[in-house]
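Quick note: the coordinates plus some simple rules give every number you see, no bench work behind them. Predicted model only: the values in this text are computed from it and were never measured. Virtual Cβ from ideal backbone geometry, glycine too; neighbours counted across all protein chains shown.
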Amino acid sequence: MSASLPGHRELPASQYDLKTYWGRVRHSAGLTNPSTLLAGKTGLDRAKQLITDYKTGKIEHMSPELWKAKKIPVFLPFRMSCFVLSNLIVTAGMLQPGLGTKGIIAWQVTNQSLNVAINSANANKSSPMTFEELAKSYLVAVTASCSVALGLNSMVPRLKVAESTRNILKRLVPFAAVASAGALNAYLMRRGEIVTGIDVRPVLSDEEKKKLEAEGKSERDVPSLGRSQKAAKIAVYETAASRVFNNSPIMIIPPMILYHIETKAQWYKNLLEKEWIKARPRIAKSIPIGMNLGLITAVSYCALPLALGVFPQQQEISADSLEPQFHGKGGKDGKVVFNRGL
């Protein structure tokens, strides 16, 4: 939303070094920080005013308040800081053991609907998706996730493996469905980029960036060196892989920990044997659900930034590693940059 506010100055991408893995992890941790959820209408208006003042030159330098404001102007349920809470119930629903066909389809459809809304709200508005592209992406993701989940659910019980192994595989079915849908969706939606290539631009030095700012321009105004198919392949394949990495900690760690507790932890077995719990079946059923929600929440806040930081969104690469027409045309350190996308 900040791109739609008045002013020519471009907000810095991050207060951390996004060229390093830990810089991207710290940046991702800031994006998923739930403290921005406390900003009401007054906080939203204040954030917009601060961003406008910076973009129009009334504020010269970024401040802690302005860095925080940069994260706020996105519709509340779809802010990245709300990502964990928005996904909490959906993920817990998908990870319920023993879901029937209707339950699997319902939760997979709900999950993909939420993903489309979050991706759309946080997407790069300089390259908006058309409604047709968005609808196609949604239908492909839903079809893939439901097909994989239903197929594996029917296949796993027939595998000739130990009962314990079969139980573990059942717990991983939702992850396989979500990960495959995300990767397939990313590839199908963006495979056209591999054919046409994507724009690459020279990496600017600090002096060149200051000169652009003095002219009232941003890095987006730097002319493209051309469209590279090799850069497009990197962007599409990394985006597909990132969908798997982002889902891995949330969809694998909690069900594995919960399975270990339910089958190995003596304290858990002793808890369920207590008379007051036996007399209250609803409480007995709610205990694993509550534990699952707690595990998903903890893992999401701790592990999600580690997964989100694997690949940089603004990817820098040597110009000489691309097609011959880009050789020798790199900017700072002989490098060019391209937007990997979400």
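Some notes on this structure:
- Euclidean distance between Cα centres, the stretch 320-342 to the stretch 174-215, Å: 13
- Between helix 281-308 and the chain: long-axis angle, C-alpha atoms, 0 to 90°, nearest 10: 20
- FRET E, pair Lys269, Ser35, Förster distance 41 Å, beta-carbon r, rounded to 0.05: 0.60
- Which listed pairs, of Lys55/Lys332; Lys55/Lys230; Lys58/Lys211; Lys71/Lys233; Lys19/Lys329; Lys68/Lys210, have C-alpha distances above 27 Å, in listed order: Lys55/Lys230; Lys71/Lys233
- Value of relative contact order over the chain, rounded to a whole percent, pairs C-alpha under 8 Å and six or more apart: 20
- Kirkwood Rh in Å, taken over all unlike Cα pairs in the chain: 22.5
- Spin-label proximity, Ser318 to the stretch 216-243 - amide N less than 16 Å from point 7 Å beyond Cα toward beta carbon: 231
- A cut-off of 5 Å between modelled amide H atoms, ignoring neighbours fewer than 5 places along the same chain, links Gln314 with Arg340.
- Enclosing the Cα atoms of the stretch 224-268 in their convex hull gives a volume equal to 64 cubic angstrom per residue.
- Projecting label points 7 angstrom from Cα along Cα→Cβ for His327 and Tyr21 puts them 3.2 nm apart.
- Stretchable slack from Glu163 to Trp67, in nm (0.36 nm times residue separation minus alpha-carbon distance): 29.4 nm
- Against the chain, whose longest principal axis is taken from its Cα atoms, helix 163-196 shows a tilt of about 20°.
- Coil-residue GluC sites (Glu not before Pro) of the stretch 196-266, DSSP, other Cβ within 10 Å capped at 13: Glu215
- Available extension along the chain between Met155 and Ile59 is 28.5 nm, counting 0.36 nm per residue and deducting the alpha carbon span.
- With R₀ fixed at 41 Å, the C-beta to C-beta distance from Lys233 to Arg46 puts the FRET efficiency at about 0.45.
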